[in-house]
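Okay, structure first, notes after.
The values are calculated or read from the model by the stated rules, or taken from the named source; none is laboratory data. Keep in mind that this is a model prediction, so the values were computed, not measured. Using ideal geometry, Cβ is built from the backbone for each residue, glycine included, and neighbour counts are taken over all protein chains shown.
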Amino acid sequence: MGVDSTAAPRRSGIATAHQAGEKWSVEVLLEEDDRQYTVFLNRTFVTEALASSAGEQVVAEWEAGRVRVRDLMLQELAASYRRLRTLHKTMQPTTVPATRAAWDHAIGAWEGLGWIGTTDAARYRDHVLHAFDGETNPVRRHKLQPDPDAAL
């Protein structure tokens with residue numbers, strides 16, 4: 001009996017809340033067949049319970065195939081850009097990058113300026129590699145709402 005090549009990929013995930021000062025962030029570890037992806041959600045939460053709930057919802061949508069890892073990665077990248085833009089008035093580039101080359105340049109510049117560490121830079125580069133590798137569909141722009149918990 002042959003293997004069904006139309007079978008949906010096996011997906012699973014785990015959400016982990018991390019305290020960041022007085023707020024909470026969420027890291028989701030997503031697994032699809034033999035690949036793993038780590039993505040941080042694009043906002044912070046005032047309680048651990050809210051953070052955990054949001055992470056569990058993303059994992060459930062991932063497992064059900066209603067959300068793509070590419071979209072989650074692009075959301076994290078755009079949120080990182082937005083956060084850095086609020087901290088650094090001389091932000092480069094002046095708009096959210098939309099191509100692989102533009103992201104590569106931005107990440108290198110941010111790392112060189114000390115705005116992000118090597119761990120974040122490596123994760124962002126992996127996101128860019130995955131999000132733009134072999135993708136024929138255009139990048140879907142994500143309108144990011146201001147994080148109501150973020151200090152401006």
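Some notes on this structure:
- Residue within region 22-44 that is in a loop (DSSP other than H, G, I, E, B), surrounded by fewer than 16 Cβ atoms within 10 Å (Cβ to Cβ) and in contact with a Phe, Trp or Tyr (Cβ under 8 Å, 6 or more places away or on another chain) present: no
- Selection status of VAL67, buried (at least 16 other Cβ atoms within 10 Å of the Cβ), at pLDDT below 90 and among the β-branched types (Val, Ile, Thr): no
- Filtering region 45-64 to residues that are closer than 21 Å to HIS130 by Cβ and surrounded by 14 or more Cβ atoms within 10 Å (Cβ to Cβ) leaves GLY55, VAL58, VAL59, GLU61, TRP62, GLU63.
- Of all the residues in region 85-115, those that are of a type outside the set (S, T, N, Q) and farther than 20 Å from LEU129 by Cβ number 8.
- Selected residue (only one of HIS130, HIS88 is touching a helix residue (DSSP H, G or I) at 6+ places or on another chain (Cβ under 7 Å) and touching a residue at least 24 places away in the same chain (Cβ under 8 Å)): HIS130
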